[in-house]
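Read-outs: derived from the displayed coordinates by stated rules, not from any lab. This one's a predicted model, so the numbers in the text were calculated from it and none came from an experiment. Cβ coordinates were reconstructed from backbone atoms using ideal geometry, including for glycine residues, and neighbour counts include every protein chain displayed.
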Amino acid sequence: MDVVEITADLVSYNSASHFSNTPVSQAISTWLRKAGMSVEWVNFKDAEGTQKTNVIGKKGDGTGGIALLAHSDVVPAEGWASDPFKLTARNDRLYGRGSADMKGSVACMIAAANAFSAEELNAPVYVIVTADEETDCGGARAVATKSKIFKSSDIRYGIVGEPTLLDVVYAHKGSLKFVATARGKAAHSSTGKGANANHKLIPFLNDVVKLDGMLRTDARYRNEAFDPPHATLNIVLSDGETAANVTAPVSRATINCRPMPDQNWKPVINRMVRLAEKHGVQIEMPKILDPLSTSTDSPIVREALQVTGKRKPRTVAYGTDGMVFGKTMELVVMGPGNIQQAHTVDEWIARDQLLKGSDVFRKMVHRFCIENPV
């Protein structure tokens with residue numbers, strides 16, 4: 001299979017997270033079937049009611065083996081010099097939205113699975129492609145809870161194919177979000193009769209900024225294995241773009257924290273709740289996504305280092321579907337392309353990264369499904 005051809009096909013679908021990814025999932029399913037895999041779909045609707053599709057491919061009989069894990073959703077593409085949904089080659093770079101993050105990796109996984117017949121596999125290989133990784137890992141949660149293949153296959157080892165330049169990543173940060181809402185009363189600002197919701201939210205956020213300072217310095221919330229070694233608390237604001245002559249009736253902030261492995265965040269959660277009560281702000285906490293942490297002694301880490309020729313594994317500061325799949329599998333994050341290209345204008349992946357990625361995935365399948373089936 002030609003990984004560039006597959007990448008070009010998948011990039012041609014605009015699967016930004018606010019759209020349905022079902023069309024690109026149909027294309028992925030076609031490629032998986034061409035690779036000799038049986039295919040299962042797990043559908044769900046996101047918070048906006050948009051239809052989403054996860055694709056699970058399996059080749060080989062029995063249980064165990066290795067899972068190649070990816071996502072088909074991408075971030076929006078604006079301000080591009082070329083058509084973001086047409087893979088364009090320039091100077092050995094392949095430009096297109098999702099080329100690096102991570103449709104190129106999906107292509108490599110399909111090509112790796114295609115390299116073996118079902119008869120020569122002593123344990124199965126799986127290609128699992130989810131929706132909504134870029135938002136809340138909702139697709140991964142749907143696979144973990146609803147997929148018949150996933151739930152019955154006892155998969156112990158997996159590779160999350162995010163772009164790492166094929167470095168071996170054994171741990172990454174998690175995601176803990178708070179949504180803080182302040183409510184006031186709309187009125188013309190000249191009357192003095194309104195109640196500005198921002199006037200509640202701003203003092204609350206000032207205390208949150210102080211909390212952020214504590215998280216950066218308190219040894220309980222630092223881990224020197226990561227860069228940066230603190231939790232990177234981030235605040236995003238919205239008051240509905242209220243006009244300047246109207247007192248804002250609602251003001252909202254989303255506060256995103258990045259916990260690291262083996263940290264107790266209950267005191268932080270409790271403190272955030274107390275601050276909200278103090279300032280009359282409502283606070284919600286969506287699902288917590290746990291950090292990924294795989295022992296460096298795990299077979300998946302050892303084999304990945306041998307296959308790639310890397311000296312030692314590393315950590316990354318971002319999160320992946322490993323925040324869900326890491327609950328049941330030992331994982332590494334390892335894929336073609338550079339994370340520096342993810343979410344950028346004129347995103348690209350080097351052609352040779354696709355070829356190397358396909359080869360690395362193929363070798364990992366051989367080790368876990370033929371040489372040492374588990």
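For this structure, a couple of remarks:
- Whole-percent pair-distance distribution, where bins are 10 Å wide, for the alpha carbons of the range 1-131: 13, 43, 30, 12, 1
- Of every Cα-Cα pair in the range 123-175, the percent that sits beyond 16 Å: 53 percent
- Note, ³J(HN,Hα) from phi for the range 61-78, Karplus 6.51, -1.76, 1.60, rounded to Hz, x at Gly and Pro: 8, x, 10, x, x, 9, 9, 9, 10, 8, 9, 9, 7, 10, 7, x, 10, 9
- Cα-projected label distance for Lys310 with Lys45, points at 7 Å along beta-carbon direction, nm: 4.1 nm
- Stretching Val273 away from Asp83 to a fully extended chain increases their span by 63.8 nm, per 0.36 nm per residue minus the current alpha-carbon distance.
- Residue by residue, the range 23-37 carries 3J(HN,Hα) couplings of x, 6, 5, 5, 5, 4, 4, 4, 5, 4, 5, 4, 7, x, 9 Hz when phi is fed to the Karplus relation 6.51 cos²θ - 1.76 cosθ + 1.60 (θ = phi - 60°); x denotes Gly or Pro.
- Here the Debye sum runs over all C-alpha atoms of the range 113-237 as equal scatterers in vacuum, and log10 of I(q)/I(0) at q = 0.10, 0.20 Å⁻¹ comes out as -0.62, -1.25.
- Charge dipole (the chain, unit charges on Cβ, about Cα centre) - positive-most of Ile128, Ser105, Val143: Val143
- Fraction of antiparallel bridges per DSSP, the chain only, in percent to nearest 5: 70 percent
- Ordering of 124-133, 44-53 by packing [mean C-beta count within 10 Å, highest first]: 124-133, 44-53
- Computed from the alpha carbon positions, the gyration tensor of the range 176-284 leads to an equivalent ellipsoid with semi-axes of 32, 13, 10 Å, biggest first.
- Derived scalar couplings ³J(HN,Hα) [the range 236-241; Karplus, 6.51 cos²θ - 1.76 cosθ + 1.60; whole Hz; x for Gly, Pro]: 10, 10, 7, 10, x, 6
- Solution diffusion estimate, µm²/s, Stokes-Einstein, the chain, Kirkwood Rh from C-alpha pairs, 20 °C, viscosity 1.002 mPa s: 98 µm²/s
- Calculated over the range 230-374: convex hull of Cα atoms, volume per residue (Å³): 160 Å³
- Coarse-grained scattering of the range 35-106 at q = 0.13, 0.18, 0.25 Å⁻¹, given as base-10 log I(q)/I(0) from a Debye sum over alpha-carbon atoms: -0.59, -0.92, -1.16
- Taking the C-alpha atoms only, the angle from helix 198-217 to the longest principal axis of the chain is near 50 degrees.
- Full extension of the chain between Tyr318 and Leu237 gives 27.0 nm of extra length, using 0.36 nm per residue less the Cα-Cα distance.
- A full extension of the chain between Met214 and Ala187 corresponds to an added length of 6.0 nm, given 0.36 nm per residue minus the alpha carbon distance.
- If R0 is taken as 25 Å, the Cβ-Cβ distance between Arg33 and Asn122 corresponds to a FRET efficiency of 0.65.
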